[in-house]
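First the structure, in the form of structure tokens, and then the observations on it.
The values are calculated or read from the model by the stated rules, or taken from the named source; none is laboratory data. Bear in mind the structure is a predicted one, so any value in this text is a computation, not a measurement. Using ideal geometry, Cβ is built from the backbone for each residue, glycine included, and neighbour counts are taken over all protein chains shown. Remember, those area values only see protein heavy atoms, side chains included, never the ligands or the DNA or RNA. Shrake-Rupley method; radii C 1.70, N 1.55, O 1.52, S 1.80 Å.
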Amino acid sequence: MERSQVNYKAMSIFGRVPARFVVGGLVFLASVTIYMLRVNLSVAIVAMVRRNNSATVASNAECLVLTQGVGVVAGEGNSTTHLEEREEEVDGEMDWDALTQGVILASYYYGYACTQIIGGRLAEIYGTKRVLGGCIFISAIWTLVTPIAARAHYGALIAIRVVLGLCSGVSWPAMQCLVARWIPPLERPRFVAIVILSSSLSVTFTLPLCALIIDTLGWDATFYLTGTLALVWCVLWFPLMHDFPLQHPRISMEELEYIETTVTASGVTRSPSRRVPWRQMTTSMPVLAIIICDIGNCFGLAVYVTQLPTYMKNVLGFSIRKNGLLSGLPFLSRYVGAVISSSSGDWLVGRGYLTILNARRIYSAIAMLGPAVGLLAVAHAGCEAAVAVALLCLSLFLNGAITTSQLVNQNDIAPNYAGTVFGISNTFGAAASFVAPVAVGAITNDQQTMGQWQKVFWMCVPIYVVTELFFLVFSSGSVQSWNYYAEKHSPEGTSDSPAKDVPEETVMIQEH
């Protein structure tokens, strides 16, 4: 029987929804929730800031979008029509210039960059349930008080966003730890694409949802709604989530054996280790390749996430409601691209047409070089709004292939330390993410012209290309020797004990 057929046979003999699918559903909602709390400000800030101080005055816009559709008319002759549309929108309360807005949008990443590594280690030792659940609960509480902080002083808002970043910085490393323990190797790219990259799906509906709420209830309602939804998720997560397959009360013996057999064969040892091969890990070229690729990907993605609504409104001239809808379309395209690429990648690897390494490299090239070319095209699309939106959608559709390359590669080379490796790489990625909006604010400098935004798009292109070339040269698809560091350096009979609350039976199954 071919390896690709094992999964489908295992699924068919369970006779019910597999437990790992239930876990996947919970993590899917977690990823949606985390990104919802992350991007709500990207749309809200457009309505929070006074137009006369944020370069959103209609007469300064180069592209004037008619209310009848996506047709674009450039020139001063239509400024009256455009201004009438804009006057229907309520002016913002905050007197913040473009650089201040850039710092506020970037402040989330200041905290986000600080807890990546510790988040991976905590999840490896104490489990994803406590670490991920705790971070979302705290984030929900702080989201609910965001409007109060914003009205008090922009410094208070920055502090809130830093705390949100600190809390959610542990989320993705914690999820990678869960992938290593729960998901068979051939299912991991699809799991990452469908479940973890639901963050892109979250952006798709969060941006238009926030825009609709702002248009009807005001910008502060966006934070009250998203914070409440996060608390609802917590009510589901804590009683239903389990860190190890054997802890799940409804898992079948067939599925348990299937998961334990395939996961152990992929290099996951019998228990999480408190020993970390820091020197070997940080000097490993495959790890460095993941880090460099993550920097390029996160920088470009941060420009899309934090700045796309601003570009849509200030340059292309979309209203708040239309802005939210069209800003979400590229991220829906990214999710669709992720699902298609991961499914095709799994099929090609499972049938033996591609090795794991070749799959990681090919799909990485698509994910990184595709958006680079797309941004070049957007930079010269001018006021053709329909073309610009289509190119942005195509760029992020291609970027969805990252789920079959860099985002899953740490599980290929070091499944025992997947959370830690991802934490290290995402620390650098988060650093690039908070540099991006500040750089955009400095380049646009309150001018918000097409020429200034062309500079922004050109800035992203070499970053995408150089970081991808490094990944192509130095990446690996094989388990590294230091993945077994704890076993090799534990005295006979004194190996690390299983994580807290893990039944002893888990050890027995894994040893067999």
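Things to note:
- Residues in the range 391-423 that are open to solvent by 10 Å² or more (accessible area, probe 1.4 Å) and in contact with a Gly (Cβ under 8 Å, 6 or more places away or on another chain) were compared, and the one that is nearest to residue 480 (Cα to Cα) is 412.
- Residue match in the range 214-226 (condition: more than 23 Å from residue 136 (Cα to Cα) and either surrounded by 21 or more Cβ atoms within 10 Å (Cβ to Cβ) or β-branched (Val, Ile, Thr) (or both)): yes
- Matching residues in the range 419-434 - criterion: being farther than 28 Å from residue 101 by Cα and modelled with pLDDT under 85: 419
- For the range 355-376, a tally of residues being open to solvent by 40 Å² or more (accessible area, probe 1.4 Å) and aliphatic (A, V, I, L, M) returns 7.
- Out of 246, 166, 231, one residue alone is over 30 Å from residue 333 (Cβ atoms) and at pLDDT below 85. It is 246.
- Within this structure, residue 374 fails the test of being within 30 Å of residue 450 (Cα to Cα), touching a residue at least 60 places away in the same chain (Cβ under 8 Å) and not hydrophobic (A, V, I, L, M, F, W, C).
- Residue in the range 187-206 that is open to solvent by 10 Å² or more (accessible area, probe 1.4 Å), touching a strand residue (DSSP E or B) at 6+ places or on another chain (Cβ under 9 Å) and among the hydroxyl-bearing types (Ser, Thr, Tyr) present: no
- Qualifying positions in the range 291-350 - of a type in the set (Gly, Ala, Ser), out of contact with any Cys (no Cβ under 8 Å at 6 or more places or on another chain) and at pLDDT below 70: 319, 327
- Boolean, residue 156 is surrounded by fewer than 24 Cβ atoms within 10 Å (Cβ to Cβ) and in contact with a helix residue (DSSP H, G or I) (Cβ under 6 Å, 6 or more places away or on another chain): yes
- Each residue in the range 118-153 was checked for being open to solvent by 20 Å² or more (accessible area, probe 1.4 Å) and either outside any helix (DSSP H, G or I) or charged (D, E, K, R) (or both), and 6 pass.
One line per residue, one yes/no per condition, for (1) modelled with pLDDT of 80 or more; (2) outside any loop (DSSP other than H, G, I, E, B); (3) of a type outside the set (Val, Ile, Thr):
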site	(1), (2), (3)
77	no, yes, yes
80	no, yes, no
85	no, yes, yes
88	no, no, yes
96	yes, no, yes
100	yes, yes, no
105	yes, yes, yes
108	yes, yes, yes
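- The sole residue among 290, 214 that is over 30 Å from residue 326 (Cα atoms) and in a helix (DSSP H, G or I) is 290.
- Qualifying positions in the range 1-36 - open to solvent by 70 Å² or more (accessible area, probe 1.4 Å) and modelled with pLDDT under 85: 1, 2, 3, 5, 8, 9, 12, 13, 15, 16, 17
- When the range 396-430 is filtered for residues that are part of a helix (DSSP H, G or I), more than 20 Å from residue 371 (Cα to Cα) and among the aliphatic types (A, V, I, L, M), the ones remaining, listed by number, are 413, 418, 421, 424.
- If you go through the range 202-243 and keep only what is without any contact (Cβ under 8 Å) to a residue 24 or more places away in the chain and closer than 23 Å to residue 151 by Cβ, you end up with 213, 216, 217, 221, 225.
- Test: residue in the range 363-376 that is part of a helix (DSSP H, G or I) and out of contact with any helix residue (DSSP H, G or I) (no Cβ under 7 Å at 6 or more places or on another chain): yes
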